[in-house]
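Trainee: The structure that follows is given in the form of structure tokens.
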Amino acid sequence: MRIRDEEGGDREAVAALVVSAFAGRPYASGTEARIHAALHDAGAATVALVAEDTGRVVGQVIVSPVTLDGGPSGWHGLGPVAVLPERQGQGIGSGLIVEALTRLRGLGSGGCVLLGDGGYYGRFGFRPPRGLHAPGLPAEHLFVLPFGDEPTGAVGYHPAFGI
Ligand SMILES: CC(C)(COP(=O)(O)OP(=O)(O)OC[C@H]1O[C@@H](n2cnc3c(N)ncnc32)[C@H](O)[C@@H]1OP(=O)(O)O)[C@@H](O)C(=O)NCCC(=O)NCCS
């Protein structure tokens, strides 16, 4: 299994795996694959990685910029992240997230936010926000990983998330 940058030829396989990973999840919107595609189409994929095993794409993660109080923030949002159902629980998601965070730090990002389950993401250093909030989104699911100081203000995801 290796983690590499997503390429144009991966788009179909990634869309299929995102659909299958989120299928039946109570928190799924059903739009995750379209969000992934829209982020690419908008040139907003700061980091897009896939996990490949014997030529098959088995996982993916995408990271995009977020705004702070409507303006540039230097921060990023992680997700969607997805692993093929039959390959979950084998460390693939963790490998993708760790590599995406390493890339972000290398790019000089201020930090990363995500909407998810703290029980899983705490292991990567994500914690509840102290100064950031995300209007209209469930506060208990917002987690942050500052690479320096955490700013104060309203985080806004890319418009692709409004699909
Ligand atoms: C979430 C996901 C990407 C994790 O990838 P993975 O390869 O299965 O994860 P790993 O093998 O690296 O880690 C497994 C651990 O994560 C935990 N985990 C996986 N999904 C979880 C979730 N939704 N909530 C809480 N914990 C979760 C497992 O219980 C396991 O815990 P353990 O190490 O204490 O036993 C994958 O399960 C998936 O695609 N889920 C469906 C899509 C989804 O929910 N995406 C995230 C929301 S954007």
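Trainee: Within the group 94, 29, which residue is of a type in the set (Gly, Ala, Ser), in a helix (DSSP H, G or I) and without any contact (Cβ under 8 Å) to a residue 40 or more places away in the chain?
Mentor: Only one candidate passes the filter, namely 94.
Trainee: While we're looking at this one, here's another question. Considering only residues of region 121-139 that are in a helix (DSSP H, G or I) and surrounded by 15 or more Cβ atoms within 10 Å (Cβ to Cβ), which is farthest from the chain's Cα centre (by Cα)?
Mentor: This residue is 124.
Trainee: Here's another thing I want to ask about it. Residue 58 is checked against (1) over 21 Å from residue 8 (Cβ atoms); (2) hydrophobic (A, V, I, L, M, F, W, C); (3) more than 14 Å from the chain's Cα centre (by Cα) and fails just one. What number does that condition carry?
Mentor: Of the numbered conditions (1) over 21 Å from residue 8 (Cβ atoms); (2) hydrophobic (A, V, I, L, M, F, W, C); (3) more than 14 Å from the chain's Cα centre (by Cα), the odd one out for residue 58 is (1).
Trainee: Does residue 47 fit the bill of being open to solvent by less than 30 Å² (accessible area, probe 1.4 Å) and in contact (Cβ under 8 Å) with a residue 12 or more places away in the chain?
Mentor: yes
Trainee: Residues in region 22-32 that are more than 10 Å from the ligand (Cβ to nearest atom) and under 12 Å from the mean Cα position of the chain (by Cα): how many?
Mentor: Within region 22-32, residues that are more than 10 Å from the ligand (Cβ to nearest atom) and under 12 Å from the mean Cα position of the chain (by Cα) number 0.
Trainee: So if I check each of 142, 96, 115, which one is within 13 Å of the ligand (Cβ to nearest atom) and open to solvent by 20 Å² or more (accessible area, probe 1.4 Å)?
Mentor: 115
Trainee: Among the residues that make up region 67-89, is at least one of them assigned to a loop (DSSP other than H, G, I, E, B), open to solvent by 40 Å² or more (accessible area, probe 1.4 Å) and within 14 Å of the ligand (Cβ to nearest atom)? Spell out how you get there, then give the answer.
Mentor: Step one: filter region 67-89 for residues assigned to a loop (DSSP other than H, G, I, E, B), giving 69-70, 84, 88-89.
When the remaining residues are screened for being open to solvent by 40 Å² or more (accessible area, probe 1.4 Å), the result is 69-70, 88-89.
From the residues that got through so far, the ones that are within 14 Å of the ligand (Cβ to nearest atom) too are 88-89.
Within region 67-89, one or more residues are assigned to a loop (DSSP other than H, G, I, E, B), open to solvent by 40 Å² or more (accessible area, probe 1.4 Å) and within 14 Å of the ligand (Cβ to nearest atom).
Trainee: Still on this model: Any idea which residue in region 8-24 is least open to solvent (accessible area, probe 1.4 Å), counting only those that are charged (D, E, K, R) and in contact (Cβ under 8 Å) with a residue 24 or more places away in the chain?
Mentor: Residue satisfying both the conditions and the ranking: 10.
The values are calculated or read from the model by the stated rules, or taken from the named source; none is laboratory data. Nothing here was measured: the structure is a model prediction, and the numbers come from that model. Quick reminder, even Gly has a Cβ in these numbers, built from the backbone with ideal geometry, and neighbours come from all protein chains shown. The accessibility values were calculated without ligands, DNA or RNA, using every heavy atom of the protein model including side chains. Shrake-Rupley method; radii C 1.70, N 1.55, O 1.52, S 1.80 Å.
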